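J.: Below is the structure I would like to discuss, written out as structure tokens.
The values are calculated or read from the model by the stated rules, or taken from the named source; none is laboratory data. It should be emphasised that the depicted structure is a prediction, and the values quoted were computed from it without experimental measurement. In this analysis, Cβ positions are derived from the backbone assuming ideal geometry, glycine residues included, and neighbour counts consider all displayed protein chains. Heads up: the accessible areas ignore ligands, DNA and RNA and are worked out on the full protein's heavy atoms, side chains in. Shrake-Rupley method; radii C 1.70, N 1.55, O 1.52, S 1.80 Å.
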Amino acid sequence: MLLDSGLEPDMVVGTSMGSVIGAAVANRANLDGMIKVLNRLDVNRILKISRQSRRELEKAIGKSLVKEIGIRKRLEKESKKPPVKLARLFTFFKLMTKNSSIAELPISYAAVATDLCNGREILIREGKVYRATAASSAIPGFIPPVKLNGYQLIDGGIVDTVPVLPALKMGAGSMVAVDVSKSLEPNPNQNPLSLFYRSSEIRKNEILRLKTSIVKDELDGRLLTLNPPVNQLNWLDFNEVDKAVSIGREFARENISAIKDIFE
């Protein structure tokens, strides 16, 4: 939709699945062709995401993602070969990114990941794109950490769900950010687990609000945050490509004037 309107970014910074989509944009990939390929693939099957594993993961997330499964390490022997799921992820992302290097991309690109050892935000700006995207989207406790540049990297969404500050540091002068986190339900469930999870979401939202406010001030208001209505989508439904694309296109169409205003 944006390309059809004559808008192409000079820079793309993504976190988690946003790093994957961002890499495709930065590589000027045929997005319609990529959507067709993804529709033919059973991504959940490729990554071995069964219904049972989804339920277990969602249950663990409800108990606090980082505390329960993000920091705890399994006692297993080191192997030169990456674990099966990581090998599958590498192969999948290699195909999607044509095994490109970040330096080769026609549009400046960076992926955000989290260092498992010290909890720091790591901005990946060099090396193979598939390793950067895998590191940025490695779901803790489900997909093994990616070893890169001396770090053990996991999903960037843990420290930065919408990476506006890294984009500012890279020199962005005007910015459109996409926030796909679910909005808070107006009538919260009162059971203890739901309340704990909701408090975690409130904290994340407040941190994001502060970061966004800082960047907006630095850019004299030239920051637009888009919040597409994705509440009905489960973040592990990798096979719901058409539904996600339809929502995104329609939302971009509705906001195209505001998007153009930011860059004018």
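J.: Restricting attention to segment 139-172, which residues are under 16 Å from T212 (Cβ atoms) and surrounded by fewer than 18 Cβ atoms within 10 Å (Cβ to Cβ)?
T.: Result: K169, single match.
J.: Further question on the same structure: Can you list residue pairs whose Cβ atoms sit under 6 Å apart, with the first residue in segment 161-174 being under 14 Å from P9 (Cβ atoms) and the second being among the small types (G, A, S)? Count only pairs 6 or more apart in sequence or on different chains.
T.: Correct list of pairs: V164/A177.
J.: So is E121 over 13 Å from the mean Cα position of the chain (by Cα), touching a residue at least 40 places away in the same chain (Cβ under 8 Å) and open to solvent by 40 Å² or more (accessible area, probe 1.4 Å) or not?
T.: So E121 fits the description; yes.
J.: Among the numbered criteria (1) modelled with pLDDT of 95 or more; (2) over 22 Å from K204 (Cβ atoms), which single criterion is violated by L168?
T.: (2)
J.: Ok, one more. Which one of these does Y197 not meet: (1) farther than 22 Å from A111 by Cβ; (2) modelled with pLDDT under 90; (3) open to solvent by 80 Å² or more (accessible area, probe 1.4 Å); (4) part of a loop (DSSP other than H, G, I, E, B)?
T.: (4)
Results for (1) in contact (Cβ under 8 Å) with a residue 12 or more places away in the chain; (2) more than 19 Å from the chain's Cα centre (by Cα), shown as yes or no for each residue.
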site	(1), (2)
K128	yes, no
P186	no, yes
I214	yes, yes
G221	no, yes
T225	yes, no
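J.: While we're looking at this one, here's another question. Filter segment 230-255 for residues that are assigned to a helix (DSSP H, G or I) and loosely packed, with under 15 Cβ neighbours inside 10 Å; which is modelled with the lowest pLDDT?
T.: D242
J.: Going through segment 175-194 one residue at a time, which ones are in contact with an Asp or Glu (Cβ under 9 Å, 6 or more places away or on another chain) and either surrounded by fewer than 12 Cβ atoms within 10 Å (Cβ to Cβ) or more than 30 Å from M11 (Cα to Cα) (or both)?
T.: Once the filter is applied, which keeps residues that are in contact with an Asp or Glu (Cβ under 9 Å, 6 or more places away or on another chain) and either surrounded by fewer than 12 Cβ atoms within 10 Å (Cβ to Cβ) or more than 30 Å from M11 (Cα to Cα) (or both), segment 175-194 yields only L184.
J.: Mind checking which residues of segment 126-150 are outside any helix (DSSP H, G or I) and closer than 27 Å to P106 by Cβ?
T.: E126, G127, K128, S137, A138, V146, L148, N149
J.: Consider K211 carefully, then state whether it is more than 28 Å from M34 (Cα to Cα), crowded, with 16+ Cβ neighbours inside 10 Å and among the basic types (K, R).
T.: For K211, the condition - more than 28 Å from M34 (Cα to Cα), crowded, with 16+ Cβ neighbours inside 10 Å and among the basic types (K, R) - is met.
J.: Then there's this: Cβ-Cβ distance below 6 Å, separation of 6 or more or different chains: which pairs start in segment 98-109 with a residue that is under 22 Å from L7 (Cα atoms) and end on one that is polar (S, T, N, Q) and open to solvent by less than 50 Å² (accessible area, probe 1.4 Å)?
T.: From segment 98-109, the pairs are L105/N27.
J.: Go through segment 83-117 and give me each residue that's open to solvent by 40 Å² or more (accessible area, probe 1.4 Å), within 16 Å of N30 (Cβ to Cβ) and either part of a helix (DSSP H, G or I) or among the hydroxyl-bearing types (S, T, Y) (or both).
T.: Within segment 83-117, just L95 meets the criteria.
J.: So for segment 169-187 (the condition being touching a Phe, Trp or Tyr at 6+ places or on another chain (Cβ under 7 Å), under 30 Å from L2 (Cα atoms) and not in a loop (DSSP other than H, G, I, E, B)), does at least one residue qualify?
T.: no
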